[in-house]
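A short worksheet on the structure shown next.
Since every read-out is calculated from the coordinates, none of them should be taken as a lab result. Values in this document were obtained by computation on a predicted structure and should not be read as measured data. Neighbour counts are summed over all protein chains in view; Cβ atoms, including those assigned to glycine, are modelled from backbone coordinates with ideal geometry.
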Amino acid sequence: MLVVPVETTRVVLGVSGGIAAYKAVDLLRRLSGSGYDVTVVPTEAALRFVGEPTWAALSHNPVLTDVWTGAEQVPHVRLGRQADLVVVAPATADLLARAAHGLADDLLTNTLLTARGPVLFAPAMHTEMWTHPATVANVATLRSRGAVVLEPAYGRLTGDDFGQGRLPEPTEIARLAELLLRRPDALRRDLVGRRVLITAGGTREPLDPVRFLGNRSSGRQGFDLAAVAAARGAEVHLVAANVELPCPAGIELIRVGSAEELRATTHAAAKYADVVVMAAAVADFRPAAPAEVKIKKTDAAPAPIELIGNPDVLAELVRARSVGRLSTPVIVGFAAETGDRHADVLTHGRAKLARKGCDLLVVNAVSDGRVFGLPDNAAVILSATGPEIDVPLGPKTVLAAALWDAIAALLPE
Ligand code: CTP
């Protein structure tokens, strides 16, 4: 794995002329906040939306647009050559077209031609422009050359219209940028044509209309898995149990609450999936008889809560496959373990892999409040048939990329 020390990391943030340029200000703050040396290269049109002083103040670097200013430093070659990563956000239809055709009519397109590191485009435009055959062909060209072009998100567009075309969330772009800096090959398009189903978050089992039994899962790992799979070309269905994070772009999101809801949704969607990744923390038990009205405080001692078991969705999927009712080639489980006086984390993990019968099991240690809600994670990917893969502490996107590598290796041609 290529690890770039943060202090020497140079990022060019290209901004083209769309209304979403204002969101690139947030992206710039995140990239600078990560310690990268960011140079912003806006197009002329981008400067009509957000002015030069904003980019300069937040990047602490001069802002250049044309190839003539400071020509003695040859910026049209230097910036691209020196960049560890070029991110273009928003990437308009016009910018994608110019990049696809290798034009070099401003500093940003010159920089794209001279860049030799990874390039990440985060498009934003109206749906008609995104689905126009010209844009579709330009995106295909850029991807065939190794550039990462994210899918725009669905939602409200500039006018009253609604559709695909919104800029992916700056948090998501920043996380994928960080992943590319650590692993330039992490978003190669090896999942095109694959349907993947991911569960994320933690289920809530109702006690009464206002209370529930829940767990501490934030859904972050599952959402990063979804974002990485989508960037690698998969059709992603994400079943999210009580997750408050923004939906990654280009993903079909289904929100659920309880284990029963998650189970029904997962079984229905798994029929069409090449891969199921059960990253959700599914409650093993639920209150036997949730109250229909709010349980009131009384002077008497509170009644004990009687629990009954929930079905094990992962084990059910594996069983369905073993009797031929499901043809999903790869089924993956997650296990958050603490280790105890009987065995350590990995021993528990290996036993769980055998017990659940899935193909891969991602085991992480969760003692001392580690993992939940944090952007970083460390894990071991256990395999029923292959090697164990140790993923050291790092961004959850890096673990996601390592897991998709392992999954891709198991998928039939
Ligand atoms: N899982 C599931 N249905 C459940 C419980 C868990 O599908 N009712 C899945 C989780 O999504 C995860 C895997 O099983 O992928 C392991 O979850 P975990 O809670 O670690 O497993 P348990 O069998 O509940 O083991 P433990 O006794 O350690 O809680």
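Restricting attention to region 135-227, which trypsin sites (Lys or Arg not before Pro) occupy a DSSP loop and are surrounded by at most 11 other Cβ atoms within 10 Å? The qualifying sites are Arg145. Taking every DSSP helix (H) stretch of at least 4 residues in the chain, weighting each as -39,500 (n - 2.57) and dividing the sum by the residue count yields a mean residue ellipticity at 222 nm of -10000 deg cm²/dmol. Judged by the mean number of other Cβ atoms found within 10 Å, the most tightly packed of the peptides 396-402, 310-316 leads the ranking 396-402, 310-316.
Can you list the equivalent-ellipsoid semi-axes of region 34-98, largest first and in whole Å, using the square root of 5 times each Cα gyration tensor eigenvalue?
Numbers: eigenvalues 60, 48, 40 Å².
So the three semi-axes of region 34-98 are 17, 15, 14 Å.
In a Gaussian network model over the chain where Cα atoms closer than 10 Å are linked, find which of Leu262, Leu393, Leu225 has the largest mean-square fluctuation. Ranking Leu262, Leu393, Leu225 by mean-square fluctuation puts Leu393 first.
Determine, from the Cβ-Cβ distance of Leu393 and Ala300 and an R0 of 60 Å, the FRET efficiency 1/(1 + (r/R0)^6), rounded to the nearest 0.05. FRET efficiency, Leu393 to Ala300: 0.80.
Let me know the shape class of the chain, please: from the alpha-carbon gyration tensor, a ≥ b ≥ c as square roots of the eigenvalues, rounded when a/c is under 1.5, otherwise prolate if a/b is greater than b/c, or oblate. Cα axes put the chain in the prolate bin. Taking amide H atoms as placed 1.01 Å from N in the peptide plane, the amide H of Ser258 lies under 5 Å from those of Arg204, each 5 or more residues away in sequence or on another chain.
Can you give the FRET efficiency to the nearest 0.05 for Thr385 and Arg81, using r as the Cβ-Cβ distance and R₀ = 60 Å?
Numbers: r = 44 Å, r/R0 = 0.73.
It comes out at approximately 0.85.
Annotation note: trypsin sites (Lys or Arg not before Pro) in region 253-297 located in DSSP loop regions with a Cβ neighbour count of at most 14 within 10 Å are Lys271, Lys294, Lys296, Lys297. Highest GNM mean-square fluctuation among Thr203, Thr266, Thr54, for the chain modelled with Cα contacts below 10 Å: Thr54. Which residue fluctuates most in the GNM of the chain (Cα springs below 10 Å): Gly214, Gly349, Gly222? Highest fluctuation of the listed residues: Gly214.
For Val192 and Ala56, a Förster radius of 45 Å and the Cβ-Cβ distance give a FRET efficiency of 0.70, rounded to the nearest 0.05. Mind checking which lysines have their C-alpha under 29 Å from Lys352, skipping anything on the same chain fewer than 8 residues away? Partners within reach: Lys271, Lys396. Take the Kirkwood radius over Cα pairs of region 1-128, plug it into Stokes-Einstein at 25 °C and 0.890 mPa s, and you get 170 µm²/s for translational diffusion.
Taking 0.36 nm per residue of separation and subtracting the Cα-Cα distance, full extension of the segment from Ala137 to Thr158 would add 5.1 nm.
With both partners inside the chain, how many of the DSSP beta bridges are antiparallel, as a percent to the nearest 5? Kindly include the intermediate steps, with their values, before the conclusion.
Numbers: 19 of 62 bridges.
Of the beta bridges lying entirely in the chain, close to 30 percent run antiparallel.
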